[in-house]
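The values are calculated or read from the model by the stated rules, or taken from the named source; none is laboratory data. Because the structure is predicted, anything quoted here is derived from the model rather than measured. Neighbour counts run over all protein chains shown; Cβ positions are idealised from the backbone, glycine included. Note: areas computed on protein heavy atoms with side chains; ligands, DNA, RNA excluded. Shrake-Rupley method; radii C 1.70, N 1.55, O 1.52, S 1.80 Å.
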Amino acid sequence: MRTFLETIFAHSLLAVLGVVPLLIALQLFRTYWRLRHIPGPFWASFTNIPRVLWVKTKQAHLIHQRVHEQYGPVVRTGPNMVMFDDPDAIPIVHTMRRGFPKAPFYDIFKSYTPNGGAVTVFNATDEDALRKIKSPVAPFFSATNAMAFEPIVDEVLECFVKNVNRRYLQHGTIFDLAKWLQYYAFDVMGMLTFSKRYSFLDEGEDVGGMLGAIYTYMENAAPLTQMPWADKLLFKNWLAHAIRRVPSLPILKVVANAVQERQELMEKGVRFSGRPDFLAKFMQLAHENPELPPGIVSNWTFTNVIAGSDSVGIVMTTMMYHLLQNPNSMQKLHAELRSANLSRPHARLGEIQGLPYLDACMWESVRLHPAFALPFERVVPEGGITIGDHHLPAGTWVGGSPYVVNRHKKTFGADAEFWRPERWLEGDEKHKNRLQQSTLTFGAGFRICIGRHIGIVEIKKMISLLVLHYDIQIIDPKLLQVENWWLFKQEGFYVRMEKRAESIIS
Ligand code: HEM
């Protein structure tokens, strides 16, 4: 005979066995129901697992493209995530005013703190917190200030030339140009930000594995961006933090040392006698505004280094790759640069900035290969929004993949998949502006990349130098590999270079 306790246990067990599946079914139904009017893959209505797996293939950009081809311009890719492919949606989602915050995608890039994660200008999801740390520094990134950095860029260019010539030109040695463009981009950013190079160019290698570590970090972080609660569960909580030490990126240690050195000088009353780099400006700002959060100087400095280095390297690699694959474009650009009667050895920015074909090649590279190639997710505000025929309720995460949006055929032409810089020159200034505003590579609206003017200076200076002074031969275009861990990086861009007869650089 059953005891009283056994009877209670049996009834409770039956109740639990009945209620739990019911609750799960209800929750799944609720999840599905909210965005049931948006087409998309079946499982995406219930779980984010498909989009995590897409990112894990390293080729999510191609899957996003296929998903749009199959389901249309507005697609549900997760229980609460909707993607668009039409540039017309850019001003709806990436507004110029506040009120359309970044989604929890960006929480993955915040290091853990008990009160919600360390916020930087890049990863801030709370717009009040963003305003406090972004408004004071935004003017430093203006187009005019970017031009003032030109002498520093020239110095690093010289270092690039010296080391590439010494190592590879004499015996026609093959090397990976993508790596060297990345070294240049990092060394420029180190110089602009805290007046130090990391010595990648001098040593001709990824010193201390600093760059590799950034990539490994992105490889781990990118899948989590698609399921942010998993990051909270696995890494961003006090327990996980107590039992495992999250290793800091080695490059940030170099940056932290530079900041500390400068702070020690300041405390000793020694005035920094170097050029007014970003760090000097950040320190002065923090000194004059004690209400700014502690650690803000390191925070701004880290953001510059992380946001503004790999991205620039990626654009330059794209541009050189397509120029070498398209001799007609290379010849046109070479002819334009030659007839511009440029200063030697380094063209002045004022001389190259307005060159139409150089500009067209740059924008075509920016369009074809966005340095960050997953959707820039935002949270739909109160009242919802409408994209095409689809209403998205408040709280939905929405974003476009720059890779897909930048290939929108109605906007960019039937040949949008291919390299054709001329598309940027086939109309008046209005046409070019429209294409630029339809390109999502730098983001858009209120959170558009603030460093883009600086990036463009670095890119145009380097490409002019390479095209004007070197004959470059690509070894095997098929060796170029691309992997998309949000950072959309290339590798295996093997070339042989020799100086052009008319070159005067040594
Ligand atoms: C030319 C190559 C570059 C590309 C393709 C690029 C791309 C981007 C993109 C896509 C965003 C917005 C991301 C989003 O909405 O989630 C962004 C933001 C940002 N970028 Fe860049 N970037 C480049 C160069 C730079 C440079 C050189 C710097 C620093 C000097 C920089 C600093 C920043 C910062 C601070 C933000 C955050 C702005 C905000 O959220 O308000 N970027 N960048």
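For residues in segment 183-229 being closer than 21 Å to Lys499 by Cα and part of a helix (DSSP H, G or I), which is farthest from the chain's Cα centre (by Cα)?
By that ranking, first place goes to Asp202.
Scan segment 383-394 and give yes if some residue there is closer than 12 Å to Ile90 by Cβ, within 11 Å of the ligand (Cβ to nearest atom) and not in a helix (DSSP H, G or I), otherwise no.
As a first pass, look at segment 383-394 and keep what is closer than 12 Å to Ile90 by Cβ: 387.
After this cut, where a residue has to be within 11 Å of the ligand (Cβ to nearest atom) as well, the list is none.
No, every residue in segment 383-394 fails to be closer than 12 Å to Ile90 by Cβ, within 11 Å of the ligand (Cβ to nearest atom) and not in a helix (DSSP H, G or I).
Residue check, Lys162 against (1) of a type outside the set (Asp, Glu); (2) open to solvent by 70 Å² or more (accessible area, probe 1.4 Å); (3) farther than 28 Å from Gly354 by Cβ; (4) touching a Gly at 6+ places or on another chain (Cβ under 9 Å), all met but one. Which one?
That leaves (4) as the condition not met.
So, of the residues in segment 366-377 that are touching a strand residue (DSSP E or B) at 6+ places or on another chain (Cβ under 8 Å) and open to solvent by less than 10 Å² (accessible area, probe 1.4 Å), which turns out to be nearest to the ligand (Cβ to nearest atom)?
In this case the residue turns out to be Ala371.
Is it the case that segment 168-182 has a residue that's under 20 Å from Val315 (Cα atoms), surrounded by 15 or more Cβ atoms within 10 Å (Cβ to Cβ) and among the basic types (Lys, Arg)?
yes
Within segment 285-325, how many residues turn out to be more than 20 Å from Ile352 (Cβ to Cβ) and either among the β-branched types (Val, Ile, Thr) or outside any helix (DSSP H, G or I) (or both)?
Residues meeting the conditions: 16.
For residues in segment 337-349 being touching a residue at least 40 places away in the same chain (Cβ under 8 Å) and open to solvent by 30 Å² or more (accessible area, probe 1.4 Å), which is nearest to the ligand (Cβ to nearest atom)?
Top of the filtered list is Arg348.
Show the residue pairs meeting these rules: Cβ distance below 6 Å; 6+ apart or different chains; first residue within segment 466-488 and without any contact (Cβ under 8 Å) to a residue 60 or more places away in the chain; second residue of a type outside the set (Lys, Arg) and open to solvent by less than 40 Å² (accessible area, probe 1.4 Å).
From segment 466-488, the pairs are Tyr470/Met497; Leu479/Gly492; Gln481/Gly492.
If the requirement is being within 22 Å of the chain's Cα centre (by Cα) and basic (Lys, Arg), which of these qualifies: Lys268, Lys281, Lys253? Even if it seems obvious, please write down each step before you answer.
On the way: Lys268 fails: within 22 Å of the chain's Cα centre (by Cα); Lys281 fails: within 22 Å of the chain's Cα centre (by Cα).
Testing whether each residue is within 22 Å of the chain's Cα centre (by Cα) and basic (Lys, Arg) leaves just Lys253.
If you check every pair at least six apart or on different chains, which have Cβ atoms under 7 Å apart with a residue in segment 412-432 that is under 15 Å from Thr318 (Cβ atoms) and at pLDDT below 95 first and a residue that is open to solvent by 20 Å² or more (accessible area, probe 1.4 Å) and in a loop (DSSP other than H, G, I, E, B) second?
Within 7 Å, no pair qualifies.
In segment 146-159, how many residues are over 21 Å from Leu324 (Cα atoms) and open to solvent by less than 50 Å² (accessible area, probe 1.4 Å)?
8
Pick from segment 389-422 the residues that are in contact with a Gly (Cβ under 6 Å, 6 or more places away or on another chain) and farther than 20 Å from His68 by Cβ: which of them is surrounded by the fewest Cβ atoms within 10 Å (Cβ to Cβ)?
Going through the qualifying residues, I end up with Ala394.
Mind listing just one residue for me: the one in segment 243-278 that is touching a residue at least 24 places away in the same chain (Cβ under 8 Å) and charged (D, E, K, R) and, of those, least open to solvent (accessible area, probe 1.4 Å)?
Checking each candidate, the answer is Asp277.
State which residue pairs qualify: first residue open to solvent by less than 20 Å² (accessible area, probe 1.4 Å) and among the aliphatic types (A, V, I, L, M) and inside segment 92-108, second residue within 12 Å of the ligand (Cβ to nearest atom) and in a strand (DSSP E or B) in any location, beta carbons under 9 Å apart, and separation of 6 or more residues or different chains.
Pairs that qualify, where the first residue is open to solvent by less than 20 Å² (accessible area, probe 1.4 Å) and among the aliphatic types (A, V, I, L, M) and the partner is within 12 Å of the ligand (Cβ to nearest atom) and in a strand (DSSP E or B), are Val93/Arg378; Val93/Gly399; Val93/Gly400; Ala103/Arg378; Ala103/Gly399.
Let me spell it out: the conditions are (1) in contact with a Gly (Cβ under 9 Å, 6 or more places away or on another chain); (2) free of Cβ contacts under 8 Å to residues at least 40 places away in the same chain, and Ile454 meets all of them except one. Which number is the exception?
Result: Ile454 passes all but (2).
Among the residues of segment 301-319, is any open to solvent by 10 Å² or more (accessible area, probe 1.4 Å), among the aromatic types (Phe, Trp, Tyr), near the ligand (Cβ under 10 Å from one of its atoms) and within 19 Å of the chain's Cα centre (by Cα)?
No, every residue in segment 301-319 fails to be open to solvent by 10 Å² or more (accessible area, probe 1.4 Å), among the aromatic types (Phe, Trp, Tyr), near the ligand (Cβ under 10 Å from one of its atoms) and within 19 Å of the chain's Cα centre (by Cα).
Is it the case, given these coordinates, that Val82 is among the hydrophobic types (A, V, I, L, M, F, W, C), part of a helix (DSSP H, G or I) and modelled with pLDDT of 95 or more?
no
Condition (residue is assigned to a strand (DSSP E or B), crowded, with 19+ Cβ neighbours inside 10 Å and within 12 Å of the ligand (Cβ to nearest atom)) applied to segment 442-455: is it met by at least one residue? Give the steps one after another, and end with the answer.
Step one: list which residues in segment 442-455 are assigned to a strand (DSSP E or B), which gives none.
Checked segment 442-455: no residue is assigned to a strand (DSSP E or B), crowded, with 19+ Cβ neighbours inside 10 Å and within 12 Å of the ligand (Cβ to nearest atom).
So is Lys232 in contact (Cβ under 8 Å) with a residue 24 or more places away in the chain, open to solvent by 70 Å² or more (accessible area, probe 1.4 Å) and part of a helix (DSSP H, G or I) or not? So that I can check it myself, show each step before the final result.
Values: in contact (Cβ under 8 Å) with a residue 24 or more places away in the chain: yes; open to solvent by 70 Å² or more (accessible area, probe 1.4 Å): yes; part of a helix (DSSP H, G or I): yes.
Yes.
Condition first: assigned to a helix (DSSP H, G or I) and more than 15 Å from the ligand (Cβ to nearest atom). Now tell me which residues in segment 260-279 satisfy that.
Once the filter is applied, which keeps residues that are assigned to a helix (DSSP H, G or I) and more than 15 Å from the ligand (Cβ to nearest atom), segment 260-279 yields Gln260, Glu261, Arg262, Gln263, Glu264, Leu265, Met266, Glu267.
What is the one condition in (1) in contact with a strand residue (DSSP E or B) (Cβ under 7 Å, 6 or more places away or on another chain); (2) in a loop (DSSP other than H, G, I, E, B) that Ala89 does not satisfy?
Condition not satisfied by Ala89: (2).
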